[in-house]
Structure formats: C-alpha cells, structure tokens
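Have a look at the structure below before the remarks.
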Amino acid sequence: MKIALIGYGKMGKMIEEIARSRGHEIVSIIDIDNQEEFESDAFGSADVAIEFTAPQAAYGNYLKAWRRGVKVVSGSTGWMKEHGDEVRQACQNEGKTLFWASNFSIGVAIFSAVNRYLAQIMNQFPQYDVEMEETHHVHKLDHPSGTAITLADEIVERLDRKEAWAEETTDPKLLRVDHIRRGEVPGIHTIRYDSDADLITITHDAHSRRGFALGAVLAAEYTKEHSGLLTISDMFSF
C-alpha cells in the first residue's frame, strides 16, 4: 500500500517506522514547511494519507487530500465542533473517505467497549455517581482529550441520570471530566463509579505512543478497502 504522511512529529515518525515494517511504501511526507507537497504527483499516488496534526489544521488537510482523491485516516482532535457537519456531508453525500478516531490504540478500543458495557450495567444502580479523569503530556493543546470526550459521550448515552458532560462541574446531572497535563505522559484515562459502599474504577494507561501508531496503520489498511466516514467500531466488532 502507498501511504502519505501528513504531520511528521513523534507520531508521524513512529507511524512511518511501523508502516515500513508491515511492507508499506511511504510515498510522501508533508509537514508545516512543505505544504506544496499536497500538489505533488507523489502525494496524489497515495492510497491513504495518515494525518496527525493540530486541531486548527486538520480540516484543511482533509480538504487538500480529498481534492487529490486521497482517502484520509486522522487522529487529530479538536476540529469536530466546528467542522463535524461538513465532514459528515462530504463523506456521506460527496464520496469522500475519512477514518477518524480520537484514539487508535487497540487497548483503548477494548477499554471503550468495556466502558459502554459498564455504563449500561450502572444505569440500573443510581447510588453510584460517575466521574472521569484524563492525564496527558504538557504539549497537548486541547482538553479534555478527544478520547475522554468519546468515552464521556458513551457514558452519557447510557446513563439516564447524566444529561451531558462538563469540566469543573458540581452539577449532579452532568458527568464531570477533569484533565491533568504533566511530563510526557502518553495518555491515562480513568473512570470511577463511587457510592457510599464502594468504588469501581477502570483505567487505560498507555505506556507509549506505539500502540496509537500501530492502530493508525491498521486503520489505513482497513480504509484502503472501505469508503465513507469510518471509525474504530467499523474495524473492530466488539
């Protein structure tokens, strides 16, 4: 498979390493200083572009790739509120393809499935309140993390006693989501169900970015053969 990389930071370099180890060809690498590469024949030859950049750049990168007929796999977060409707329109009605996930880790996909099932069970036990905490490295710009938002949405959809999620809230109708930024933490997500009797906690603690990078390459392999607006639930049938 021919892969283009959009964004060549730590994640981009790790994706390159894993993609090559799985027999794929990196035909184009685009970073902030060579945006003209979007117009190159090399980029246009890619089966899939894997995009990990900043929230303010992601949507524009999708448009540039789609104009060249290149499918996109993206792990960029923070753009959904402003451009989510436009992306859905492009993928559902205009033939564009985007595989988007807030987190490509296989472990997080499993953790998310556990989260959904646990929330469904806990809907029967209103004596348990629920809250979430996410911790990431100091370079992460958005908060809460895209993964935390996905997990929070899953909980709110299944708990009748929660209407929405919010940061720094004391409203019992809202799921509280706290964020911590320290060091070089790849990502920790913890969900707690607390009652007077006991505490139930589930945590996903990433040891490195490698799991995210492998998941992105697996998503690219899946995306080459599929179209539309895709996500982890399409690739894994948990």
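The values are calculated or read from the model by the stated rules, or taken from the named source; none is laboratory data. Here the structure is a predicted model, which means the values were calculated and not measured. Counting neighbours? That spans all protein chains shown, and the Cβs are built from the backbone with ideal geometry, glycine included. For accessibility, only protein heavy atoms count, side chains too; no ligands or nucleic acids. Shrake-Rupley method; radii C 1.70, N 1.55, O 1.52, S 1.80 Å.
Values for this structure:
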read-out: Answer residue from region 184-210, given it is modelled with pLDDT under 95 and farther than 20 Å from M132 by Cβ and is farthest from the chain's Cα centre (by Cα) among those; value: E184
read-out: Odd one out for G95, checked against (1) of a type outside the set (S, T, Y); (2) in contact with a Gly (Cβ under 9 Å, 6 or more places away or on another chain); (3) closer than 19 Å to E37 by Cα; value: (3)
read-out: When residues of region 58-96 are limited to those that are touching a Ser or Thr at 6+ places or on another chain (Cβ under 8 Å) and closer than 15 Å to G146 by Cα, the one modelled with the lowest pLDDT; value: T77
read-out: Total residues in region 182-201, condition outside any strand (DSSP E or B) and either within 19 Å of I121 (Cα to Cα) or open to solvent by less than 40 Å² (accessible area, probe 1.4 Å) (or both); value: 7
read-out: Residues (in a helix (DSSP H, G or I) and not β-branched (V, I, T)) located in region 220-237; value: A220, E221, Y222, K224, S233, D234, M235
read-out: The listed residue being surrounded by fewer than 21 Cβ atoms within 10 Å (Cβ to Cβ), of a type outside the set (A, V, I, L, M, F, W, C) and closer than 30 Å to E16 by Cβ, out of H204, H179; value: H179
read-out: Of all residues in region 211-229 being under 12 Å from F104 (Cα atoms) and of a type in the set (A, V, I, L, M, F, W, C), the one that is modelled with the lowest pLDDT; value: F212
read-out: Hey, Q92 loosely packed, with under 13 Cβ neighbours inside 10 Å and not in a loop (DSSP other than H, G, I, E, B) or not; value: yes
read-out: Lone qualifier among A101, A65, A54, A58 - being within 12 Å of the chain's Cα centre (by Cα) and either of a type outside the set (V, I, T) or within 27 Å of I202 (Cα to Cα) (or both); value: A101
read-out: Scope region 112-163; condition among the aliphatic types (A, V, I, L, M), open to solvent by 50 Å² or more (accessible area, probe 1.4 Å) and assigned to a helix (DSSP H, G or I); matching residues; value: V114, I121, I149
read-out: Condition broken by I50, with the remaining ones in (1) open to solvent by 40 Å² or more (accessible area, probe 1.4 Å); (2) not in a helix (DSSP H, G or I) satisfied; value: (1)
read-out: Looking only at region 165-181, and only at residues there that are assigned to a strand (DSSP E or B) and touching a Lys or Arg at 6+ places or on another chain (Cβ under 8 Å), the one that is farthest from F212 (Cα to Cα); value: L174
read-out: Residues being within 22 Å of T53 (Cβ to Cβ) and part of a strand (DSSP E or B) - total across region 202-219; value: 0
read-out: Hits in region 214-223 - residues which are among the aliphatic types (A, V, I, L, M) and either within 20 Å of L151 (Cα to Cα) or surrounded by fewer than 22 Cβ atoms within 10 Å (Cβ to Cβ) (or both); value: L214, A216, L218, A219
